[in-house]
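Notes follow the structure.
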Amino acid sequence: MPHFRQNRLCLREYFNMFNEEENRDTFDIQISVSDPEKVGDGMNAYMVYKVLTKTSLSIFSRDEVCVKRRFSDFLGLHSKLASKYMHMGYIVPPAPEKSIVGMTKVKVGKEDLSSVEFVEKRRSALERYLLRTVKHPALLKDPDVLQFLESSELPRAVSTQALSGAGILRMVNKAADAVNKMTIKMNESDAWFEEKQQQFENLDVQLRKLHASVESLVCHRKELSVNTASFAKSAAMLGNSEDHTALSRALSQLAEVEEKIDQLHQDQACADFYLISELLGDYVRLITAVKGVFDQRMKTWAKCQDAQVMLQRKREAEAKLQHANKPDKLQQAKDEIREWEGKVQQGERDFEQISKNIRREVGRFEKDRVKDFRVVIIKYLESLVHTQQQMIKYWEAFLPEAKAIA
Amino acid sequence: MMQEGLDDGPDFLSEEDRGLRAVNVDLQTDATLQVDISDALSERDKVKFTVHTKSTLPNFKQNEFSVVRQHEEFIWLHDSFVENEEYAGYIIPPAPPRPDFDASREKLQKLGEGEGSMTKEEFTKMKQELEAEYLAIFKKTVAMHEVFLCRVAAHPVLRKDLNFHVFLEYNQDLSVRGKNKKEKLEDFFKNVVKSADGVLVAGVKDVDDFFEHEKTFLLEYHNRVKDSSAKSDRMIRSHKSAADDINRIASTLYTLGTQDSTDLCKFFLKVSELFEKTRKIEARVAADEDLKLADLLKYYLRESQAAKDLLYRRGRALVDYENANKALDKARAKNKDVLQAETTQQVCCQKFEKISESAKQELIDFKTRRVAAFRKNLVELAELELKHAKGNLQLLQSCLGVLKGDT
């Protein structure tokens, strides 16, 4: 499929920029996900990807490691990281979405363009996922991450239904719902959090809108490419039947120009998609993770509040027992008070810690966001420049042909 | 719903549009008779065209005058040419298509219904877009009606037609009502008969090489032009859709720019501004492709049909002539009604020869016009595509320069 091979080349080129950025940052690790291979047959089949890590960091045992991983392995990694770090306020990059339809086509062995594109889309998403994960200074050092990148054998992640991107989202959303159902309204002493939450809310809305428009653009550009190709063929036929020689030749030339332009549209749609659309999709999911982290903070606060309420009750109970002459129960009450005092203190420490973590995480997230968008949008504009330059070339070649009609 | 008074006067039909009208036909403008549509008004269901004539011919009472005509009156004029036996040997200039604002009106209506679901800026923007689209369709329909009149005025024989002069000069309503159901049904059957007949007539091989070649050529050409016309329309529609998407992207980027708390806000605003401009250019590209390519193909679809109709009439006359010959032979053999058969045969012969003579010239002229029109339009298309691509490129590069320098 020569058509698609060209797209593949352009994708690699576009995504090398992620690795370039990392190098320039003296962030000395390069990760690539490549060579998707189908293992097995029928509905039990799955894709295996090669994960290559090149690094000079000392936490890695070798400076170049290559392992084979399947999609559920990535989901398993994310689930472990989420359960370890999310409650501390760390923004854990979400894993790519599961897709039953897409995967079924691949399993069933459809070698058509859409299933090839699906695999490429997934490969690219997995690569971006790993790059974002190791960009996080705490996650990079995590033993699960190291094991994922280095270990030749990885225990199979089970029940990946729950571990899918959607599954995690459901978890996060459940937490959010639980928070909303709280009758106690959080007394926000820190305006920063309220402000940030609102900002992320707004950003979420706009990015989703933008994502939808870009997806529509990709769709229409692909349509334009197909329709241009169709017109080109038709124009060639028209040129054939035209009995004036010079006009006939010019019409054939027009057909050739339109054919080249259809390829341009195809490539541009590709850039629209892999640069902008996927970036926006990634950020919509990332912002959900950010919102999740804010909700974790609320949960922590609620826990702290609950502990305080409990402590108050225990104190009241103890006060009552003071006059009851039940020395055993009194001792128990005093013990319980100490226990709950400890919990309150822990709760307050946890809340302080998560608040601190979130502030730092959001700062880092915003910095990355600025960089990502800047880099991607500039790359995208450069792709638009290239398209226009080619257009000019093609029409400049055609103009004398049109003028030559006599 | 929409009252469009286009008495912007001289502004309405700009220089660019004047060029537009002569676009599909290469016409000698002749001082003895010049016709144009100087104004037009779009009302609820109808469009009123002001037909303006300048003439030194003695047939008219004045040298310059105007009348108001509607689409149905153009059709009446066209049909009167088609039905006139005298004109059987000419390519009758194709009738202009009916003004069709339905799609545009529907979109405007939908927009009105959806007003609550979008911001004021978005609504205003989309309204402007749709109004511009409406205006573009309007200008096109004016151009197509005008081209029809100009073709008639340029034709050495048709320009002298009495109905044409009445059309141009009579300043009352021609009372040409649209066809009623019965008449439309009659037309339908006439066409069915004609196409069936056409197949039979086309089957008759022509002795004359020129006409035989033209027949084969026109048949194939007409079908191919039809296909190209449809495909170019689809292509241009996709182009418009893509431009609309870029419009929405620009709006959302603007909102992001105003809301963002980081350095990205300036970035988004700049890119939003860029896309606003490039989107306008993309819309312009689609519009120009529509004008120079799609309209050209549509016009030659109609003209090639008119040429086919001419060949059909000649073929019909040939068949009649051959039948008359056979009848004459029979009559002579039986020695019965010979004089009558001789007269019929002579009439058929004359008719056939008259048609053949003028048809040959008409078809040659058709080719000349076609080549000239394609040349003009393809050159202009290429020049406009280049102009727009260069404009786009300049905007993109200048924006990139600012964005890259801003780090």
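Quick note: the coordinates plus some simple rules give every number you see, no bench work behind them. Note that the coordinates shown come from a computational prediction; the quantities given were computed from them, not determined experimentally. We place every Cβ from the backbone using ideal geometry, glycine too, and count neighbours over all the protein chains shown.
Annotations for the structure displayed:
- Highest mean first, the peptides A:272-279, B:226-233, A:206-213 sorted by other C-beta atoms within 10 Å per residue fall in the order A:272-279, B:226-233, A:206-213.
- Ordering A:58-68, B:128-138 by mean Cβ neighbour count within 10 Å, with the highest value first, yields B:128-138, A:58-68.
- Peptide-level mean, for A:396-403, of C-beta atoms on other protein chains within 10 Å: 5
- Legend: ranking of residues A:Cys304, B:Cys265 from fewest to most surrounding C-beta atoms inside 10 Å; resulting order B:Cys265, A:Cys304.
- With contributions of -39500 (n - 2.57) from each DSSP H run of at least four residues, the per-residue ellipticity at 222 nm computed over the protein assembly as shown stands at -25500 deg cm²/dmol.
- Between the residues A:Ile378, A:Ser151, B:Gln397, the greatest Cα displacement towards the positive end of the dipole of the protein assembly as shown, with unit charges on the Cβ of Lys, Arg, Asp and Glu, is found for A:Ser151.
- Alpha-carbon centroids, the stretch A:347-402 and the stretch B:299-320: separation in whole Å: 60 Å
- All lysines inside 19 Å of B:Lys334 as judged from Cα atoms, apart from same-chain residues fewer than 8 positions distant: B:Lys326
- Among the chymotrypsin sites (Phe, Trp or Tyr not before Pro) found in the stretch B:142-177, those both in a DSSP coil and sparsely packed, with 15 or fewer other Cβ atoms within 10 Å of their Cβ, are B:Tyr170.
- Most fluctuating residue given options B:Val82, B:Val51, B:Val176, as computed from a GNM of chain B linking Cα atoms under 10 Å: B:Val176
- When B:Lys298, A:Lys320, A:Lys107 are arranged by Cβ crowding within 10 Å, least crowded first, meaning fewest neighbours, the order is A:Lys320, A:Lys107, B:Lys298.
- In terms of the mean number of neighbouring beta-carbon atoms within 10 Å, the peptides B:343-349, B:388-394 order highest first as B:388-394, B:343-349.
- For the stretch B:99-187, trypsin sites (Lys or Arg not before Pro) meeting the loop criterion (DSSP other than H, G, I, E, B) and having at most 11 other Cβ atoms within 10 Å: B:Arg177.
- In terms of surrounding Cβ atoms within a 10 Å radius of their Cβ, B:Glu273, B:Glu353 rank from fewest to most as B:Glu353, B:Glu273.
- Residues with amide H under 5 Å from that of B:Asp39, placed H, sequence gap 5 or more: B:Thr50
- Within 10 Å of each Cβ in B:369-376, the average number of Cβ atoms from other chains: 4
- Cross-link partners of A:Lys379 among lysines, defined as those whose alpha carbon lies under 16 angstrom from its own and excluding same-chain residues fewer than eight positions apart: A:Lys371, B:Lys270, B:Lys404.
- Mean partner shielding of peptide A:363-372, defined as the number of other chain Cβ atoms within 10 Å of each residue Cβ, is 2.
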